[in-house]
Amino acid sequence: MLKLVLKKGKEKKVKHFYPWVFRDELERVEGEGLVGELYAHDGSFLGVGTYSPVSRIAFRVFTHERRPLDEAYFKETLERTAFLREGIPSDAYRVLYSESDQTPGFIVDRYADGLVLQVRTLGAEKLKPELLKALVERFRPAFVYERSDFVGRKDEGLEPFKGLLWGELKNPVLIREHEFTFLVDVERGLKTGFYLDQRENRLYASSLVKEGSRVLDLFCYTGGFSVYCAKRGARVTGVDLNERALELARENARINGVEVEFVKANAFEYLEQDRSSYDLIIADPPAIAKARKEKESLKWAVWKLAYHAFPRLRRGGRLFICVCSYQLSADELARQVRLAATDRGRKVVLKELRLQPYDHPYLPTFPESLYLKCGDFILV
Ligand code: SAH
């Protein structure tokens with residue numbers, strides 16, 4: 001049995017539901033394995049979780065109860081966290097969000113009658129068969145597909161992997177979200193296929209437009225924001241670099257009965273060269289700051305997008321701009337937009353700050369679980 005003991009005084013944050021233990025907080029590691037028990041320096045029991053021999057995050061707490069992390073644990077966890085997914089106006093949502101749902105290293109997304117799983121740590125890899133049994137039992141899914149093909153797995157000494165774990169997959173999968181229908185490529189799409197975390201923000205952004213509004217959707221991916229806005233009567237241009245995503249975006253516009261102009265271009269260059277004016281510019285750039293050292297480039301990207309968006313906005317126009325990284329706080333997002341406005345000699349009002357939806361739970365006891373922040377800025 002693996003047993004880890006913390007240095008003196010390091011037990012406090014674990015008791016207060018912070019799930020990570022860093023390597024330099026460990027006094028000693030006894031025994032072998034990837035799943036084990038965590039103890040305070042005085043020998044009192046703290047929790048059960050997974051150990052990583054290589055990562056900076058040495059231990060992740062699953063539960064403060066002394067119990068095995070088996071199929072029953074995952075079944076109970078799925079039941080206990082289900083209420084956070086009640087009333088979601090979609091058949092696609094996040095079923096488990098890693099530490100936020102007491103399943104560190106696991107992400108599970110539901111797409112209509114199927115599930116997509118992502119395994120992010122070595123310890124989670126070990127527990128995967130138990131989770132899979134629980135998922136099949138609870139959801140009776142048509143398929144369970146694994147999308148663990150991201151570079152970050154290397155930090156845990158894991159190779160990228162993707163493949164079918166259960167059932168039969170007919171790709172792309174058709175999902176319903178609010179009154180819309182979207183095709184999701186779970187085999188080759190980004191993340192697990194769709195940006196489920198923007199569900200409520202797509203509805204919000206589309207509430208800002210009316211018949212005849214002009215909308216620019218930068219980093220449009222498979223057309224989520226574009227389709228919502230077009231349905232409200234806006235004339236929308238969507239821009240993305242990824243041709244495969246644009247093919248699906250065109251298909252998504254068609255099946256929702258709307259027309260959108262989709263352009264393959266670098267969003268930064270497109271915006272700089274564009275001479276049209278808009279009522280709403282949406283900018284949802286990719287998560288370029290996974291690590292602290294990349295934070296500066298994300299800050300710069302936000303400034304640059306805002307700086308070039310302002311001259312394209314009519315008076316009273318809106319910039320809906322998102323950052324998808326723990327590294328950049330809401331304050332810093334607002335600061336970058338304010339700096340760009342000042343550089344243009346303009347003033348902005350932050351009308352609304354929006355975060356990830358509650359099927360991607362943000363635990364204040366675990367600040368790292370908050371990653372998505374979008375600001376609705378009005379040019380005054
Ligand atoms: N708003 C989308 C998600 C955006 S994800 C939604 O709601 O579904 C980020 C997108 O940015 C990806 O589709 C990626 O292909 C695209 N991308 C990355 N760098 C880009 C660039 N420089 N110019 C245009 N698109 C880019």
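The values are calculated or read from the model by the stated rules, or taken from the named source; none is laboratory data. Keep in mind it's a predicted model, so treat the numbers as computed, not measured. Positions of Cβ are backbone-derived with ideal geometry, glycine not excepted, and every protein chain shown enters the neighbour counts.
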Residue 204: passes all of (1) within 23 Å of residue 174 (Cβ to Cβ); (2) within 13 Å of the ligand (Cβ to nearest atom); (3) part of a helix (DSSP H, G or I) but (1)
Can you name the residue in the range 301-329 that is assigned to a strand (DSSP E or B) and away from the ligand (no atom under 16 Å from the Cβ) and is also nearest to residue 369 (Cα to Cα) among such residues? 317
Where residues in the range 249-294 are surrounded by fewer than 19 Cβ atoms within 10 Å (Cβ to Cβ), at pLDDT below 95 and part of a loop (DSSP other than H, G, I, E, B), which of them is nearest to the ligand (Cβ to nearest atom)? 286
Here are the criteria: (1) surrounded by fewer than 13 Cβ atoms within 10 Å (Cβ to Cβ); (2) assigned to a loop (DSSP other than H, G, I, E, B). Tell me which single one residue 83 does not satisfy. (2)
Could you check the range 86-120 and list, in sequence order, the residues that are part of a loop (DSSP other than H, G, I, E, B) and closer than 16 Å to residue 176 by Cβ? 87, 88, 89, 91, 112, 113
Within the range 168-179, is even one residue within 29 Å of residue 278 (Cβ to Cβ) and surrounded by 20 or more Cβ atoms within 10 Å (Cβ to Cβ)? yes
Is it true that residue 239 is assigned by TED's automatic domain parsing to the domain that holds residue 323, within 9 Å of the ligand (Cβ to nearest atom) and more than 19 Å from the chain's Cα centre (by Cα)? yes
Within the range 138-145, is there a residue that is buried (at least 17 other Cβ atoms within 10 Å of the Cβ), under 19 Å from the mean Cα position of the chain (by Cα) and under 26 Å from residue 286 (Cα atoms)? yes
Long-range neighbours under 7 Å by Cβ, at least six apart or interchain, first residue touching a residue at least 60 places away in the same chain (Cβ under 8 Å) within the range 202-213, second crowded, with 21+ Cβ neighbours inside 10 Å and of a type in the set (Phe, Trp, Tyr): 205/225; 205/228; 205/320
Quick one: is residue 93 of a type in the set (Phe, Trp, Tyr), at pLDDT 95 or above, surrounded by fewer than 24 Cβ atoms within 10 Å (Cβ to Cβ) and under 30 Å from residue 188 (Cβ atoms)? yes
Quick check: anything in the range 368-377 outside any strand (DSSP E or B) and among the basic types (Lys, Arg)? no
Can you confirm whether the range 162-177 contains a residue that is assigned to a loop (DSSP other than H, G, I, E, B), closer than 22 Å to residue 98 by Cα, without any contact (Cβ under 8 Å) to a residue 40 or more places away in the chain and in contact with a strand residue (DSSP E or B) (Cβ under 8 Å, 6 or more places away or on another chain)? no
Among the candidates 75, 7, residue that is over 26 Å from the mean Cα position of the chain (by Cα) and surrounded by fewer than 18 Cβ atoms within 10 Å (Cβ to Cβ): 7
